[in-house]
Amino acid sequence: MHDDRDDRAEALTELRRRMADGLARAGLDQTRLATRAGLGRTTVSGALSPRKPAPSAQTVAAIAEVLRLPVQELLDLRQAAIEKVGPAAAAGPGRPIDAWEPHDLEVHPAGPGGPASGAQGPGRRALPGYVVREHDQVLAEAVRDAAAGRSRIVVLVGGSSTGKTRACWEAVQPLAEQGWLLWHPFDPTRAHAALEDLRRVGPRTVVWLNEAQHYLGDPVLGERIAAAVHQLLLSPESRPVLVLGTLWPPYAQQYALLPGSGEPDPHSRVRELLSGRTLGVSDTFDARALAQATVLADEGDRLLGDALTRARADGRVTQDLAGAPELLNRYQHAGPPAKALLEAAMDARRLGVGLHLPRAFLTDAARDYLTDTDYDRLTDDWSEQAYAEIARDVHGRHAPLRRTAHRPSRRPPAPAVDSAAPPTTDPLYQLADYLEQHGRQTRGDLCPPASFWHSAHVHLTDAGTLHRLARAAQARHRLQWAHHLHHRAARHGSIDALRELARMQSVVEDWQGAEHYARRAAEQGETGTLYQLAELRKRYGDEQEALILLRQAADHGHPAALLDLTASHQNTEDSKGTQAPVQQIADQDDTAALFDLALSQEALGHGEDAEDLAQRAAEHGDTRALFDLARMREKAGNNESAEALLRKAADHGSPRALIDLARMREMAGDKEDAEIHARRAIDRGHFEDLLNHAEGRILVDRLWPNGLDPDGTPTPPWRPLPAW
């Protein structure tokens, strides 16, 4: 036995040495190896670590494929490293756990791709990294009991695609290293196979009853199978065995339900077998599980990373992983009408239509996605059949296109508006997140056909959606549709559409039309359009009309228009006309406008007004005006006024003002005051900024001869730091 253990250890060491040598020759690190092999970073690290158990056969094959190592030789080394410990499993149904491929045991394939680039042999697909959850702890305890010689049964109960089967597969891996067998009865039927061979199961065997309703719920054999499993667990000759099963909640509830008085009891033995032996599996990942999944994704697990982009918010990660392949399969093999609806929905989502897609819009949009032959074959009820085809659920309760509804908002009642449009009664549909993502990736260069744009123009009413589609049509040179969609968006209240229409009219120098749309936008609060139109008129040399538009924008309170109007009056020395715009800006308390106006007033020599406006901007959190005014005063030689402004800026929390004050006081020979400001700047974490000035370096040398760390702590010996 001692020699056998040495041989196993030597084989495992040699396996890891070959993989490590291959990694070095390939010039890869573990993260890049994990990415190329379709494995998690933690999985690769464990496979190469001498402190971890032997890696799985799938992991070894995946790593060998990427590193171009002889796959079979490495698998033989792994097999030698995990040869049976203890007595051999008795002859009986089943085969070594390592000989099974998880998907053959009904672990759902994950992700959209085909087989993982040779990683796991022909036709095999990579598994995403495994996230340990609460139920795994109970499973692990049952496995430890079985390894210690005690027979156990655990049946996981949870919804579709919640990770039950994968949890069982991960749980039995320690038993694989001890040479256990796994038996999955399924031929000729699950129930007949189980009943026939349960009595032959030997010790150290995992009995795999996935979808246990096919065994325990069989109307003829279910009770007999339950009795046989019970006997297997009690039999000393078979001990130890581990029975693992999975059930959906409705079946578990059905078997646990006691019959009424005088009614037959079809599940008495099943109920007895399952009592106290079921384990719930949550439908969603909790915060801890999401954090684990995020770590695995960050380490290179592309399948988990992809699923998290869609499922992080609701935590239904396993459902997304299980449903994605089937969703893609359903789309690719859908009938022509159903596929046309899905492609219209994909294009709608990628071009900016909201989450809830009206049925009438999708139905009319889909027509030009059909070939002439397929269109000629449409029946009167084609749309009903197509919607029914793509509304059926796949794994994880996903459907390619499912019926949905707006959740009504709960707001305080508002006065009735006679002109309000009645709520739509058109059914709404939502495209599966995975297919939406697939559409964005595969259809990005395609332009929807004419029926799509026509249907949007006829059926859609949301102003923002219509504007986004108009922009999309314009970008794809569907200019007539862009024109019509912009107009429809404007009719439904889109300010962006009004702005775009004003721009389009100005391009062709239709000034009357441009001003019409600009004024409509201004009436809805968008004054920038009038201002931009004034700039265009000025560019074309029409100063008088530009001034009229500028005044209109200023009348609506546009800050830039008020500033331009102020400058215009000042240039014509119209002091009476100047005061009104200045006062309007000041009254608005618009920080950016106050800042610009302060600098404008300073440049015009109105220093007192400039200081007042800069002070108001600082009170709103923008100290730049005070700081820039101080710089302007210092440049003009008025140091006293500059320092006064810097003190105000410092009082409002400006670290730049403190540094400039320290610099100016040092230059003036007031070392004490300079040091005070330098210390305040350091206290606020601006040590490095202080060193940007020669005077600041002098202060640092004088105050901290041994220097400071960037966190403000003394550091001996002092060495001047390079300028930042």
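The values are calculated or read from the model by the stated rules, or taken from the named source; none is laboratory data. Please read these numbers as outputs of a predicted model, since none were measured by experiment. So basically every Cβ, Gly included, is an ideal-geometry build from the backbone, and we count neighbours across all protein chains shown. These accessible areas exclude ligands, DNA and RNA; they are computed on the full protein's heavy atoms, side chains included. Shrake-Rupley method; radii C 1.70, N 1.55, O 1.52, S 1.80 Å.
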Selection status of residue 456, more than 23 Å from residue 391 (Cβ to Cβ) and in a helix (DSSP H, G or I):
no
Given the condition of a type in the set (Lys, Arg) and more than 19 Å from residue 130 (Cα to Cα), answer yes or no: does some residue in segment 314-323 qualify?
no
Only one residue in 34, 89, 54 is in contact with a strand residue (DSSP E or B) (Cβ under 9 Å, 6 or more places away or on another chain), modelled with pLDDT under 85, surrounded by 15 or more Cβ atoms within 10 Å (Cβ to Cβ) and aliphatic (A, V, I, L, M), so which one is that?
89
If we scan segment 428-448, do we find a residue that is among the basic types (Lys, Arg), assigned to a loop (DSSP other than H, G, I, E, B) and either closer than 22 Å to residue 461 by Cα or at pLDDT 85 or above (or both)?
yes
Selection from segment 156-192 of residues that are out of contact with any Leu (no Cβ under 6 Å at 6 or more places or on another chain) and assigned to a strand (DSSP E or B)
181, 182, 183
Subset of segment 30-44, residues in a helix (DSSP H, G or I) and in contact with a Ser or Thr (Cβ under 9 Å, 6 or more places away or on another chain), comes to 30, 34, 36, 37, 41, 43, 44
Options 246, 284, 309, 294: the member that is modelled with pLDDT of 90 or more, hydroxyl-bearing (Ser, Thr, Tyr) and out of contact with any Lys or Arg (no Cβ under 7 Å at 6 or more places or on another chain):
294
Matching residues in segment 434-449 - criterion: being more than 14 Å from residue 342 (Cβ to Cβ) and either under 17 Å from the mean Cα position of the chain (by Cα) or in contact (Cβ under 8 Å) with a residue 40 or more places away in the chain (or both)
441, 444, 449
Any idea which residue in segment 353-388 is most open to solvent (accessible area, probe 1.4 Å), counting only those that are more than 13 Å from residue 452 (Cα to Cα) and small (Gly, Ala, Ser)?
388
Has segment 247-264 got any residue that is touching a residue at least 12 places away in the same chain (Cβ under 8 Å), touching a strand residue (DSSP E or B) at 6+ places or on another chain (Cβ under 9 Å), closer than 27 Å to residue 93 by Cβ and outside any helix (DSSP H, G or I)?
yes
Any residue at all in segment 326-334 that is over 25 Å from residue 455 (Cβ atoms), within 17 Å of the chain's Cα centre (by Cα) and modelled with pLDDT under 95?
no
